[in-house]
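Participant: Submitted below is the structure of interest, expressed as structure tokens.
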Amino acid sequence: MTPARNAPADETQLNARDVASWLIDMDGVLVREDHPIEGANRFLDLLRGRSTPFMVLTNNSLFTRRDLSARLKWNGIEVPEDSIWTSALATAGFLADQHPHGSAYVIGEVGLTTALHEVGYTLTEKEPDYVVVGEIRSYSFERLTKAVRLISSGTPFIATNPDPTGPSVDGPLPATGAVAALISQATGKKPYFVGKPNPLMIRSAMRVLHAHSESTAMVGDRMDTDVVAGLEAGLHTILVLSGVSGADVVKHYPYQPTRVISSVAELADELETA
């Protein structure tokens, strides 16, 4: 176990049994390149068996919760759709709080458009309240041009997350951050990113769980998104080395996770000894 730098003594001894609620990143923590990570199902089964609340988080805004639940099941991971929280859902919730029953011009896929519809938003090209950008699988020059013109004329610019690339079995794919950067370059305006590392996404998931920060842990594989978002939301943070960040990069950050472990299998081992 790697203790957090300047962390209180009780945090350096954090055990999985001490955590009342869990926020768990998806890629790199539960699955990697369409394969389950060792210990992932055992960890989730133990949480369910102990009636411990948890939410699987992803910055992916492409898919609905139902789609993601089905994809995880295909990969051998059982997660019900109501235990999945996406940057699209967090974005929709944020906009509903800021401007109830508003309108948006959207560049994104069904995960984002469905989330916005569910909070009462209207999708329109005519005088929208916001331009909202998420991940896309096909690029339309016409739609990008429309977004650039709306933002240049003063329409607020929102993006689901800042990730420049996303994972696939064939290698990295351009993601929301890349599309947002194109629009920013053309307009000179930066978007407000709702997803990780913005702690807003963490807090929105915690509200769904009715969780408290002092007894909640964020488990992720990235120092620059999962760990910093959890830290800024006041959570315990656990970095797993089964995804993007390696042990050698941790020391280069000005902040440190509460723990560094090889994979969620270690957390499952701790729960089994309870």
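Participant: Return the residue satisfying two criteria in turn: it lies in the stretch 137-160 and is in contact with a strand residue (DSSP E or B) (Cβ under 6 Å, 6 or more places away or on another chain) and either among the aliphatic types (A, V, I, L, M) or part of a loop (DSSP other than H, G, I, E, B) (or both), and of such residues it is nearest to Gly188 (Cα to Cα).
Facilitator: Ranking the candidates gives Ile151 first.
Participant: Can you tell me how many residues in the stretch 150-202 are closer than 18 Å to Ala96 by Cβ and among the hydroxyl-bearing types (Ser, Thr, Tyr)?
Facilitator: 3
Participant: So, one more: Anything in the stretch 211-255 that is more than 19 Å from the chain's Cα centre (by Cα) and polar (S, T, N, Q)? List them, or say none.
Facilitator: Listed by number, the list holds a single entry, Ser215.
Participant: Ok, one more. Among the candidates Gly188, Gly154, Gly134, Gly120, single out the residue that is outside the structural domain of Met218 (by TED's automatic domain parsing) and under 27 Å from Gly243 (Cβ atoms).
Facilitator: Selected residue: Gly134, the only one of Gly188, Gly154, Gly134, Gly120 that is outside the structural domain of Met218 (by TED's automatic domain parsing) and under 27 Å from Gly243 (Cβ atoms).
Participant: Then there's this: Filter the stretch 47-56 down to the residues that are more than 18 Å from the chain's Cα centre (by Cα) and either crowded, with 19+ Cβ neighbours inside 10 Å or charged (D, E, K, R) (or both) and list them by number.
Facilitator: Within the stretch 47-56, Leu47, Arg48, Arg50 qualify.
Participant: Suppose we filter Ala96, Ala104, Ala70 for residues that are crowded, with 23+ Cβ neighbours inside 10 Å and more than 15 Å from the chain's Cα centre (by Cα); which single one remains?
Facilitator: When all the criteria are applied, what remains is Ala104.
Participant: Being under 22 Å from Pro164 (Cα atoms), in contact with a Ser or Thr (Cβ under 7 Å, 6 or more places away or on another chain) and in contact (Cβ under 8 Å) with a residue 40 or more places away in the chain is the filter here, so list the residues in the stretch 92-108 that pass it.
Facilitator: Answer for the stretch 92-108, where residues must be under 22 Å from Pro164 (Cα atoms), in contact with a Ser or Thr (Cβ under 7 Å, 6 or more places away or on another chain) and in contact (Cβ under 8 Å) with a residue 40 or more places away in the chain: Tyr105, Gly108.
Participant: Of all residues in the stretch 29-53, which are farther than 18 Å from Ser245 by Cβ and among the hydrophobic types (A, V, I, L, M, F, W, C)?
Facilitator: Once the filter is applied, which keeps residues that are farther than 18 Å from Ser245 by Cβ and among the hydrophobic types (A, V, I, L, M, F, W, C), the stretch 29-53 yields Phe43, Leu44, Leu46, Leu47.
Participant: Further question: Output yes when any residue across the stretch 122-139 is closer than 20 Å to Arg207 by Cβ and surrounded by fewer than 24 Cβ atoms within 10 Å (Cβ to Cβ), and no when none is.
Facilitator: Within the stretch 122-139 (the criterion being closer than 20 Å to Arg207 by Cβ and surrounded by fewer than 24 Cβ atoms within 10 Å (Cβ to Cβ)), the answer is no, since none of the residues qualifies.
Participant: While we're here: Which helices (runs of 4 or more DSSP H) does the stretch 183-273 wholly contain that include 2 or more residues that are touching a residue at least 60 places away in the same chain (Cβ under 8 Å) and crowded, with 17+ Cβ neighbours inside 10 Å?
Facilitator: Of the helices (runs of 4 or more DSSP H) lying wholly inside the stretch 183-273, those with at least 2 residues that are touching a residue at least 60 places away in the same chain (Cβ under 8 Å) and crowded, with 17+ Cβ neighbours inside 10 Å span 199-209, 264-272.
The values are calculated or read from the model by the stated rules, or taken from the named source; none is laboratory data. Since the model is a prediction, treat every value here as computed from it, not as a measurement. Heads up, the Cβs are rebuilt from the backbone with ideal geometry, glycines too, and the neighbour counts pull from every protein chain shown.
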